[in-house]
Amino acid sequence: MRKRQEAIKAGKRKIFSTLRKTKFCYATTCKASGAPKTVQQSIPIDCIFKDGIFQYSKIFSKTWRFSDINYEVASQADQEEMFLAHSAILNGLPTDALVKISSYNRQLVNSVFEQLAQPKTGIGFATYTRELEGLLSDKMAESNNIVHDKFITVSAVKKNISEARAYFARIGSDLASDFKRISSQTTELGCKERLNIFYEFFRGNDEGEFNFNLKHAMARGAHFKDYICPDSIEFKKDHIRIGDKYARVLFLKEYPSFLKDDLLSQLTDFSRSMMVSIDIQTIPTAEAVKDIQKKLLAIETDITKWQQKQNMNNNFSATIPYELEQMRSETKEFMDDITIFTYIVRFPKNM
């Protein structure tokens, strides 16, 4: 009888232990895969710092704005030099970082032109003010009042904010020197400037200038997401409704083997508020060489099988198909580029 009671107690302890483990796993799974219940939860930012570093979970990120260059009007030799310099910028990024290059088309409001054209002091400048307003309006009307901004965002997993600051300080110095080689200047974005990008994207310029003070917001106990989030976000099957506006996300699913250098400019040459992003994940050269060697081995295997099939048909003079020969030539050329220039960019698998 005593042994039976001990067995029953042991069974109950085992059942309760299983229930506790199941409850813990269920709670963890729901927290990771649960959908956001508020508009604020839809914005993946947990903490912001005054120097412009954002934190989400254990991932820290920082953004720099870089100026555009005269690539299209440059000569062929200068374009090749700029392209190689751009490759050197990407090659200099650390392998533990995820880089996002964004081109943001934003629309200016008429109040901006009034501030630029209206003189602060002086009398009798009405004629010149009207003329300047006309010039600015005609110039901006050609692009529907659209301004193009270029950003580069670097994200990495770090233990704390001190380690993240030292990490981004080193990257910022390298980016400034690398972009300077192609006559482009980088500007580090602070906390308010990064939040302003979200504010303009979600709310637009209809509600006026973005007014945010981190010190005052902390004193009032207000959350920073309340300043940038829209009134509502609805995720539909083929579009997103942000407040009273509609948006759609498109991604490049397939791309050819060769791309023109004006692909990005063609994608961003629209007189609409939009953002085009390119995610770049750098990998070590050794890992890249292994991937290319596997690809090259698969191509050589296909060629060998094709030749054996032709030999079985007594066709000993058959030439290798053009598709297989081209794949082998391109793979070998890619291998030479990696081993010589030690540069590679891995695209997402769904592209």
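Looking at the range 283-301, is at least one residue within 21 Å of the chain's Cα centre (by Cα) and either modelled with pLDDT under 85 or not assigned by TED's automatic domain parsing to the domain that holds N105 (or both)? Yes: the range 283-301 contains one or more residues that are within 21 Å of the chain's Cα centre (by Cα) and either modelled with pLDDT under 85 or not assigned by TED's automatic domain parsing to the domain that holds N105 (or both). Entry remark, the range 92-119: residues being modelled with pLDDT of 70 or more, surrounded by 16 or more Cβ atoms within 10 Å (Cβ to Cβ) and not basic (K, R) number 10 in total. Every condition in (1) part of a strand (DSSP E or B); (2) among the hydrophobic types (A, V, I, L, M, F, W, C); (3) over 23 Å from L263 (Cα atoms) is met by I45 except one, and the failing one is (1).
Residues of the range 227-242 that are of a type outside the set (A, V, I, L, M, F, W, C), out of contact with any strand residue (DSSP E or B) (no Cβ under 8 Å at 6 or more places or on another chain) and surrounded by 11 or more Cβ atoms within 10 Å (Cβ to Cβ): Y227 alone.
Listed by position, the strands (runs of 3 or more DSSP E) inside the range 207-258 whose residues that are touching an Asp or Glu at 6+ places or on another chain (Cβ under 9 Å) number at least 2 are 240-242.
Could you go through the range 316-333 and let me know if any residue there is within 28 Å of E254 (Cα to Cα), among the polar types (S, T, N, Q), touching a helix residue (DSSP H, G or I) at 6+ places or on another chain (Cβ under 7 Å) and modelled with pLDDT of 85 or more. Checked against the condition, which is being within 28 Å of E254 (Cα to Cα), among the polar types (S, T, N, Q), touching a helix residue (DSSP H, G or I) at 6+ places or on another chain (Cβ under 7 Å) and modelled with pLDDT of 85 or more, the range 316-333 yields at least one hit. In the range 59-93, which residues are assigned to a helix (DSSP H, G or I) and acidic (D, E)? D78, E80, E81 - these are the residues of the range 59-93 that are assigned to a helix (DSSP H, G or I) and acidic (D, E).
Of all residues in the range 274-302 being part of a helix (DSSP H, G or I) and touching a residue at least 40 places away in the same chain (Cβ under 8 Å), which is surrounded by the most Cβ atoms within 10 Å (Cβ to Cβ)? That would be A288. If you go through the range 303-319 and pick out every residue that is over 21 Å from D336 (Cβ atoms) and either assigned to a helix (DSSP H, G or I) or not assigned by TED's automatic domain parsing to the domain that holds D337 (or both), you end up with 9.
Only one of the listed residues (S265, S232) is among the small types (G, A, S) and under 19 Å from the mean Cα position of the chain (by Cα). That residue is S265.
If you check S137, S173 for being modelled with pLDDT of 90 or more, assigned to a helix (DSSP H, G or I) and among the polar types (S, T, N, Q), only one passes: S173.
The values are calculated or read from the model by the stated rules, or taken from the named source; none is laboratory data. Predicted model only: the values in this text are computed from it and were never measured. A quick note on method: Cβ atoms are made from the backbone with ideal geometry, for glycine too, and the neighbour counts reach across all protein chains shown.
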